[in-house]
Structure formats: C-alpha cells, structure tokens
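Notes follow once the structure below has been shown.
Every number in this text was worked out from the coordinates using simple rules, so none of it is lab data. Since this is a predicted model, take the numbers as computed values, not measurements. Backbone-built Cβ (ideal geometry, glycine too); neighbour counts: all protein chains shown.
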Amino acid sequence: MSPAMRCSTWRTSRLPRLHRRACVSPVQYAKLWHAIADALDDEFFGQDAHPMRRGSFVLMCHATIGARDGAQALGRIADFMRLVLDELTLQIDIDETRVRISLIDKREPKGMFAYATAFILVYGLLCWLLGRRIEVLAAQMRCTEPADSDEYRLMFCDELRFAAPRSFVDLSPDCARVPVVQMTATLKRFLRDASANFIVKYRNPDSLAARVKKHLRETAPADWPEAERIAAALNMGEATLRRRLKQEGLTYQAIKDALRHDLAISRLADTRETIPQIADALGFASRARFGERSGNGRACARRITGANAERRIHVIHAICG
C-alpha cells in the first residue's frame, strides 16, 4: 500500500478536531508525529524513496551519544542519514564563521516539508546533545517559496531564502567546539519528549536559563531585576551568571526579551487589552519597540491562533502601523 493510501486509512478520529487556524500544542503535534510515522513505518514521512524505518531516530541518538563534541556529533549524524536515505544527503562544512549543514538532493529539489523535517531531526538532536540552543545564522533552500513561508522562518531564522541554487543551514560556529554533555542515562527522557520539542526551539529544563526564566515569570515585567540582583537571588555572582548563560548560548537580556515577547503574544491572543496597554504592562519602551520585539506583524498574527479574525486584523494594523 502506498504512503498516501496508508495515511488515508489512518484513524484521524483519535485526534481532537481543530479549527483550521487553531493552535496545535506540542503534545498534539507529538501525537500526530508518532501516529503518521507508525502508519507509514517511516520517520521521514514518505519524503524519500527509501523510508526511514521506525526506530531509526533512536539508533541515530545512540550513534551520537558518545561523540566528543558538536563537530563529531554532526559527522555521525550525516553518516547515519546517508545510510538511511537515498535521495537526500547531508554534508558538514565547518569554518571560523559558521557550521554549514548542506542538504544535497540527488534528483530534483524536494519540497520544503522534506527539508524542514531533515533540519528539525538534526537540529533537535544536536541541541540536546550539547545541552544548549544553537543559533541559526542563515538558511536557503532550492525549493520554491511555500505559502506558509513565515512559519518556516520562525522554525529556521529570518534569513531564510527560497529558489536558491543549493540548500543549506548555517549554525553558529561555536557549536562545533562545544562538548557533548548527554549520556545514555539522559536519553530516555529526551526520546520521550523529542517529537513534542521539535515544534519549539530547544529548551533545557535543567539549565540556568530555565531557572532565570522561572524567576522572571514570578515577577511583574516592570519589576524584573538587573543582572546583579537576579544573580544574587540564584546564589551566584553576576560574572558567573553571565559566563554560564554564555555557555548555554544566551544572555540575560536575550532571556528577558524572549519572555517579554512570549507574554505579549499570549496577551494579544487571550485578552482584549489594547496594544498600548500591553506595551506598558510588559515594559516595552514604545509601540514601535513592541512591534520590533513581536516581529513581522503578519507572522505575529499567525501565531496568535484561536483568536477571531477581527482581533487578527487589529493586531496586524496595530503592530505594522
């Protein structure tokens, strides 16, 4: 039976019915991911002539768990994917400015979904192995620009180009030198949550960044402390705080900015507060600053799922001006 026929016979009634613009939670996404992979016996979802049989990702994790650093882990990932897929191969190129993951088609360019699936499998595993979120510097794909390209820019980065002569993703060069910090004992938890975590950027619940974010969430944004005070609250010096956050690929300011952005999105979706009210409550210096932190207005509005159309139009005009 073809992949399309197997998908058509899959019992979608087990999943909740959602409005076409409704928000799919990470848990719902994980259930869908596993159900389709089970139905197809293919963790690459029929995007290659050779299926990535169920259990392949687990084996790839075991193959990389003993790697020395990010560079060696990427090499093992690329070797494993070469054994599994026939039409898409990965090539790793590292220099002082970036770590480039090239996605090489053996035939015609694949669709964006295939490139994105390969990316999140590799990127999600690498971030976990290194225990940090890795910055995506740029990306370009051979495929034509899809209708939902704004969503893919949220997944990859703002610097995502389409209809390019070749496909690749550039990561921060630091990740090549970062040691692998995971071990077999921590693999079970990662595998349990992996597909749910693919829909969001990597978060380490045991990281210092997570502790900082928890402290900030318990405090009104207007009262968020400076780095020295939050370091003291976490029983460390300010220099130690900054050094350890840098090791995790973050800064204190970046954590505050990201959290303020998330709170803004939540309020836009779930309250009737005006843009100025939200900006004031969350400590944005101005509406223009709010728009800058919220990103492109249309992309922002698409993320505010579950809100009605009138509210979406209000958000677009308020942020974009």
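Legend: calculated FRET efficiency, Arg217 to His50, from the Cβ-Cβ distance at R0 = 56 Å, rounded to 0.05, equals 0.80.
Taking every alpha-carbon pair under 8 Å whose residues sit at least 6 apart, segment 127-285 reaches a relative contact order of 22 percent. Sequence-distant contacts, meaning Cα pairs under 8 Å at least 6 residues apart, place the relative contact order of segment 19-176 at 20 percent. Anisotropy class assigned to segment 19-176 is rounded, per the alpha carbon gyration tensor with a/c under the 1.5 cut-off. Summary of the geometry: segment 84-103 and segment 111-181, compared by the centres of their Cα atoms, lie 11 Å apart.
Here each label is just a point 7 Å from Cα along the line to Cβ, and for Thr240 and Glu87 those points are 5.4 nm apart.
Which residues does a label at Thr97 reach in segment 164-194, if reach means a backbone N under 11 Å from a point 7 Å past the Cα toward the Cβ? Nothing falls inside the zone, counting backbone N under 11 Å. Taken along the Cα-to-beta-carbon direction at a fixed 7 Å, the label points for Glu145 and Ala185 span 5.0 nm. Placing dummy labels 7 Å off each Cα toward the beta-carbon, the span from Ala210 to Asp38 is 2.7 nm. What FRET efficiency comes out for Ala281 versus Lys106 if R0 is 51 angstrom and r is the Cβ-Cβ distance? Round to the nearest 0.05. So the FRET efficiency works out to roughly 0.45. Overall, segment 19-176 carries a charge dipole of about 240 debye about its Cα centre when +1 sits on the Cβ of Lys and Arg and -1 on the Cβ of Asp and Glu, all other atoms neutral.
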